[in-house]
Amino acid sequence: MPDVRIRIPGTPGEYPVMIESGLIFRITPCLKPFEGRKIAVITDEHVAPLYAGQITAAIEAAGAQPFLRILPAGETTKCMEQLTGIYDFLLDSGITRIDALLALGGGVIGDLTGYAAATYLRGVRFIQFPTTLLAQVDSSVGGKVAVNHPRGKNLLGAFYQPELVLIDTDTLRTLDQRQVGAGLGEVIKYGCILDAGLFRQIEACGSRENLAPHYPEIVARCIELKGQVVFEDPYDRGLRMILNFGHTLAHAIENAAGYGQVLHGEAVCIGMVAAAAWGTRLGITPPDTENHIRRVLTAYALPTEVPAGLTTEKLFPSLALDKKSVGKDIRVVCLEEIGRARTVPVPAAKLKAFMEQSS
Ligand SMILES: NC(=O)c1ccc[n+]([C@@H]2O[C@H](COP(=O)([O-])OP(=O)(O)OC[C@H]3O[C@@H](n4cnc5c(N)ncnc54)[C@H](O)[C@@H]3O)[C@@H](O)[C@H]2O)c1
Ligand SMILES: [Zn+2]
């Protein structure tokens, strides 16, 4: 079983990430450290009927006491109102500082539960059981937890590490193919920025069906890569920015299309193709890279083109507002080759011209 350990400086030690197909049927030993404690399981209405029974049974088998809270599915759940509801539930359940919260679901549940764990009683024990590919390779590791504010996504948040991450890649079998694709976009991103070998493996598999049996090792590799980056830059001050490859245009697409129309990971796919083209124009990225990435994305039935109707005029304003911009320059992550990335400041007017030429 790939068992990755993540080390985050400034926190007490490191935490294990267990990754295995069928792990959900074998997690009782992992939960033994919680014997005699309470574990509040927070999940959503799609995930609960599929996996909550197995999780609560494993908690009981480990000698701990489960409490279950089921929330509506979707991004709107990541809000203050649901957070307040969780606090009430924790108080009603008599959860104290020696007890734990377990996030069972995608990134929405992980971010929300993590924020509750970071703040309830100034911090309680926290376990992640991510069930989407995006949550498994990205949001469940790195320690960023948050809820949305009506004025923007993730505006209220914290850095709070889980003490244990449990990943059963078989849970991806029940996940909607569109959500799987969105996660694959982030997986391909890790290959592009940090690991040419991973990129080649994905390319060689050539389809989602062929890749699926390799999920445990692929997810483990992505977590290792994210772990390395987070280890070197735990508070998002520099290196971590390369994880934003493809995200400059992606955020603008998500904004302009209206949130939820294009999934985040889908927008990242389109953004990676564009960033490769920009990198070539800047003389950083080899000329064949754009088409290389495009071919791999297409083999995995992932989008590569900006949706019709999203003109540069519509996209550019939110791109210029991106939090990665400094003065008149926009910081873009460019590939020096597949597997190696760096951040480059690009004048806003120049980037706009690149976008106009390609539309
Ligand atoms: N903290 C971080 O570092 C970080 C990084 C990236 C994204 N995020 C956040 O993650 C969130 C998106 O997460 P997401 O893409 O996982 O979306 P999500 O949590 O909304 O899950 C997507 C959908 O899949 C369903 N689902 C989840 N697991 C399932 C399974 N195994 N089988 C069937 N259905 C299942 C959910 O109920 C939901 O309807 C965003 O809020 C984003 O801001 C956080
Ligand atoms: Zn992303």
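The values are calculated or read from the model by the stated rules, or taken from the named source; none is laboratory data. This structure is a prediction, so every number in the text was calculated from the model and none was measured. Using ideal geometry, Cβ is built from the backbone for each residue, glycine included, and neighbour counts are taken over all protein chains shown.
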Could you give every pair whose Cβ atoms fall below 9 Å, whose first residue belongs to region 46-59 and is assigned by TED's automatic domain parsing to the domain that holds G107 and among the aliphatic types (A, V, I, L, M), and whose second residue is in a helix (DSSP H, G or I) and surrounded by fewer than 19 Cβ atoms within 10 Å (Cβ to Cβ), counting only separations of at least 6 or pairs across chains? V47/T174; L50/T174; A57/T28; A58/F25; A58/R26; A58/T28; A58/C30; I59/T28
Has region 206-218 got any residue that is in the same structural domain as K314 (by TED's automatic domain parsing), away from ligand 2 (no atom under 14 Å from the Cβ), within 15 Å of the chain's Cα centre (by Cα) and surrounded by 21 or more Cβ atoms within 10 Å (Cβ to Cβ)? yes
Applying the selection to region 183-242, what residues are more than 15 Å from ligand 1 (Cβ to nearest atom), without any contact (Cβ under 8 Å) to a residue 24 or more places away in the chain and among the acidic types (D, E)? E209, E232
Return the total of residues in region 302-320 being surrounded by 13 or more Cβ atoms within 10 Å (Cβ to Cβ) and either closer than 14 Å to I242 by Cα or at pLDDT below 90 (or both). 4
Looking for something surrounded by fewer than 16 Cβ atoms within 10 Å (Cβ to Cβ) and either part of a helix (DSSP H, G or I) or within 16 Å of ligand 2 (Cβ to nearest atom) (or both) - is there at least one such residue anywhere in region 178-192? yes
Hey, among the residues in region 82-129 that are within 16 Å of ligand 2 (Cβ to nearest atom) and in contact with a strand residue (DSSP E or B) (Cβ under 6 Å, 6 or more places away or on another chain), which one's nearest to V17 (Cα to Cα)? G110
For region 34-50: of the residues being within 16 Å of ligand 1 (Cβ to nearest atom) and among the hydrophobic types (A, V, I, L, M, F, W, C), which is farthest from D88 (Cα to Cα)? L50
Out of region 96-106, which residues are closer than 15 Å to T171 by Cβ and either among the basic types (K, R) or more than 6 Å from ligand 1 (Cβ to nearest atom) (or both)? L102, A103, L104
Residues of region 52-67 being part of a strand (DSSP E or B) and within 28 Å of the chain's Cα centre (by Cα), in sequence order, are P66, F67
